[in-house]
Amino acid sequence: METFTLTRGSAPLLISLPHNGSFIPDDQAKRMYPRARRSPDTDWHVAQLYEPLAADFGASVIKPVASRYVVDLNRPADGHALYPGRRETGLVPTISFDGEPLYFSGQEPAAEEIQQRVETWWRPYHQALAQEIARLLEEHGRVVLWEGHSIRSRVPMLFEGRLPDFNLGTADGASCGPDLQWSLTSVMEAQSRYDFVLNGRFKGGYITRQYGKPSEGIQAIQLELAQCQYMNEESFAWDASNAPMVQGMIRRLLEKCLDQPEKNEI
């Protein structure tokens, strides 16, 4: 079976949705608690948010089939921590964002299985991601990698209180140039509907940090959305009243990505 889908576009913009998938293979699901089989920590509906915009802009989109519970594509393959000192769910999670176990006792994946999941699910996604970045860079001399994420607005294990609506991450400015970072924050500052933060709790995960190389013409930004702004966090249902406004805000941000100068002007 295909482990991801890649829709190639013509614009220097690649939208990566590494936590959009919710599929869990049967051999893994049968070892998991019923609540875990629903894959509740999925970045629900992010493809529904982004794909219409990508079609309008001519952007490429890559998204996985499998749940982050199978393997987290936004973690390094060696499993090292992204936020040292903070509690994390890891490369192949065994706990949920609520700190609850995913697997029945003694049924957690062992090292050999973890490596197999990396080879089956993680590596093909990253190979395709790198190849698409290279294609767009060769064609345009520049590319923006946009990491589309979302999470419940309240996850006590990961952060205190309520998460801001829009959380932009640029690895503290290392994954994109200062002009693009300024343009994106200016868009957010010019509106009053949504609160936002730059490089707060979510500074950008492995993909943003690994592939963002501004000096080489590759700029990477992560946007972590609070799910309450476009869906029901309890039922996971799409909110048809509010989601279009979130899409409109994302559209304005992506427009700024496409307004960026050529590589030799960065």
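Might you let me know whether region 81-94 holds any residue that is among the basic types (K, R), modelled with pLDDT of 95 or more and part of a loop (DSSP other than H, G, I, E, B)? Taking every residue of region 81-94 in turn, none turns out to be among the basic types (K, R), modelled with pLDDT of 95 or more and part of a loop (DSSP other than H, G, I, E, B). Selection of first residues in region 157-169 that are within 22 Å of L253 (Cβ to Cβ) and of second residues that are surrounded by fewer than 20 Cβ atoms within 10 Å (Cβ to Cβ) and among the acidic types (D, E), restricted to Cβ pairs under 6 Å at least 6 apart or on distinct chains, gives the following pairs, ordered by first then second residue: P164/D195; D165/D195.
Kindly provide the set of residues from region 127-159 that are farther than 20 Å from G204 by Cβ and of a type in the set (S, T, N, Q), ordered by number. Answer for region 127-159, where residues must be farther than 20 Å from G204 by Cβ and of a type in the set (S, T, N, Q): Q127, Q131. In region 42-78, the qualifying residues are those that are over 16 Å from T5 (Cα atoms) and among the acidic types (D, E), and the one that is surrounded by the most Cβ atoms within 10 Å (Cβ to Cβ) is D72. The residue of region 66-90 that is nearest to T208 (Cα to Cα), among those that are within 14 Å of the chain's Cα centre (by Cα) and without any contact (Cβ under 8 Å) to a residue 60 or more places away in the chain, is D72.
Is it fair to say S60 is touching a residue at least 24 places away in the same chain (Cβ under 8 Å), at positive phi and among the small types (G, A, S)? No, not satisfied. Among the criteria (1) modelled with pLDDT under 95; (2) of a type in the set (A, V, I, L, M, F, W, C); (3) over 28 Å from R154 (Cβ atoms), the one A11 does not fulfil is (1). Residues in region 104-145 that are assigned to a helix (DSSP H, G or I), over 21 Å from the mean Cα position of the chain (by Cα) and either crowded, with 19+ Cβ neighbours inside 10 Å or acidic (D, E) (or both): E112, E113, E138, E139.
Criterion applied to E262, E224 was being of a type outside the set (K, R) and at pLDDT below 95, and the one residue passing it is E262. Against the list (1) in contact (Cβ under 8 Å) with a residue 12 or more places away in the chain; (2) within 29 Å of A81 (Cα to Cα); (3) among the acidic types (D, E), the condition D259 fails is (2).
Listed here are the residues, each with its yes/no results for (1) in contact (Cβ under 8 Å) with a residue 24 or more places away in the chain; (2) more than 23 Å from R135 (Cβ to Cβ); (3) out of contact with any His (no Cβ under 7 Å at 6 or more places or on another chain).
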site: G173; (1), (2), (3): yes, yes, yes
site: W182; (1), (2), (3): no, yes, yes
site: T185; (1), (2), (3): no, yes, yes
site: E189; (1), (2), (3): no, yes, yes
site: E216; (1), (2), (3): yes, no, yes
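Of all residues in region 19-40, exactly one satisfies the criterion of being among the charged types (D, E, K, R), in contact (Cβ under 8 Å) with a residue 60 or more places away in the chain and within 18 Å of Q227 (Cβ to Cβ), namely R35.
Which fully enclosed helices (runs of 4 or more DSSP H) of region 1-65 have 2 or more residues being over 15 Å from S150 (Cα atoms) and either among the hydroxyl-bearing types (S, T, Y) or under 19 Å from the mean Cα position of the chain (by Cα) (or both)?
Numbers: elements: 26-29, 34-37, 46-57.
Ranges flagged: 46-57.
The values are calculated or read from the model by the stated rules, or taken from the named source; none is laboratory data. Everything numeric in this text was worked out from a predicted model, so none of it was measured. Here the Cβ is made from the backbone with ideal geometry for all residues, glycine too, and neighbour counts use every protein chain on show.
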